[in-house]
1. Would you pick out the residues in region 62-86 that are under 18 Å from residue 159 (Cβ atoms) and either away from the ligand (no atom under 12 Å from the Cβ) or out of contact with any strand residue (DSSP E or B) (no Cβ under 7 Å at 6 or more places or on another chain) (or both)?
2. Looking at 23, 55, can you tell me which residue is out of contact with any strand residue (DSSP E or B) (no Cβ under 9 Å at 6 or more places or on another chain) and farther than 17 Å from residue 92 by Cβ?
3. For region 164-178: of the residues being out of contact with any strand residue (DSSP E or B) (no Cβ under 6 Å at 6 or more places or on another chain) and assigned to a strand (DSSP E or B), which is nearest to residue 235 (Cα to Cα)?
4. Out of the residues in region 47-61 that are surrounded by 12 or more Cβ atoms within 10 Å (Cβ to Cβ) and at pLDDT 90 or above, which is farthest from residue 104 (Cα to Cα)?
5. Looking only at region 148-168, filter to residues that are in contact (Cβ under 8 Å) with a residue 60 or more places away in the chain, away from the ligand (no atom under 14 Å from the Cβ) and surrounded by fewer than 24 Cβ atoms within 10 Å (Cβ to Cβ); which one of those is farthest from residue 213 (Cα to Cα)?
6. Could you give me the residue pairs with C-beta distances under 7 Å whose first residue belongs to region 169-192 and is at positive phi, whose second residue is modelled with pLDDT of 95 or more and in a strand (DSSP E or B) wherever it lies, and which are 6+ apart or on separate chains?
7. Say whether the condition of being more than 26 Å from residue 21 (Cα to Cα), under 21 Å from the mean Cα position of the chain (by Cα) and without any contact (Cβ under 8 Å) to a residue 12 or more places away in the chain is met by at least one residue in region 219-227.
8. Name the single residue that is farthest from the ligand (Cβ to nearest atom) among those in region 179-196 being assigned to a loop (DSSP other than H, G, I, E, B) and under 19 Å from residue 10 (Cβ atoms).
Ligand code: UDP
């Protein structure tokens, strides 16, 4: 039995509230259990020099935790680099670019900002998943402004993400903070709606993993991706 009574493959409840804020081109509040993340997507007419040469646009990701999002106050990063935040923002950007055909938006950058309002494990996978929905809403707004032929031209293969791990002797899906802080293995999986893999981040934090443990985790992870996909699909524009 898990700390919160869930089955080994049971997700926490996921609630998605599109257009939670009004100023960005796309916004979503994703409540994934007690983990709440605001994801916004903003369009700007600029693109990195190397993309200009290729006549492509760009999609970036950013990630931060608000001071009150954690049990004990998390100081704002200020000018000090936050290495965990940097790692996660790069993961968010790579994952979202994995969904996109950047040649559909030459000259344009879409910045996806993920701000954790409340953290209870799995903030990076909630950011990627919520960020994907915000990005699709922004793409829809580009279509409405005549800047993009269709959402699918940019968002070719939407992505979602899930966390899982080994807690004690059990492989479990969607770790909360209590589980995460005692996990032997921590794994994050990013994949497309039809079950293809974009990125795997897996770390053995207690004991080293056997290959069979990893195989079992991946099987559980792909099932998790499929469950998240069916929850998210109705909220994605252009699907
Ligand atoms: N956490 C925290 N303070 C921090 C970093 C993390 O309280 O400075 C908690 C938070 O609940 C987070 C969890 O630890 O969700 C797991 O963090 P991890 O780095 O594994 O990333 P996540 O699972 O959120 O993607």
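1. Correct list: 62 only.
2. Details: 23 fails: out of contact with any strand residue (DSSP E or B) (no Cβ under 9 Å at 6 or more places or on another chain).
None of the others qualify; the one that does is 55.
3. By that ranking, first place goes to 172.
4. Ranking the qualifying residues of region 47-61, first place goes to 61.
5. 150
6. Hits for this filter: 174/162; 174/163; 174/164.
7. If we filter region 219-227 for residues that are more than 26 Å from residue 21 (Cα to Cα), which is where we start, we get 219-227.
Right, trim to under 21 Å from the mean Cα position of the chain (by Cα) and you get 219-227.
Applying the additional criterion that residues be without any contact (Cβ under 8 Å) to a residue 12 or more places away in the chain yields 219.
Looking through region 219-227, at least one residue is more than 26 Å from residue 21 (Cα to Cα), under 21 Å from the mean Cα position of the chain (by Cα) and without any contact (Cβ under 8 Å) to a residue 12 or more places away in the chain.
8. Looking at the filtered set, the residue picked out is 182.
The values are calculated or read from the model by the stated rules, or taken from the named source; none is laboratory data. All values derive from a computational prediction rather than experimental measurement. Quick reminder, even Gly has a Cβ in these numbers, built from the backbone with ideal geometry, and neighbours come from all protein chains shown.
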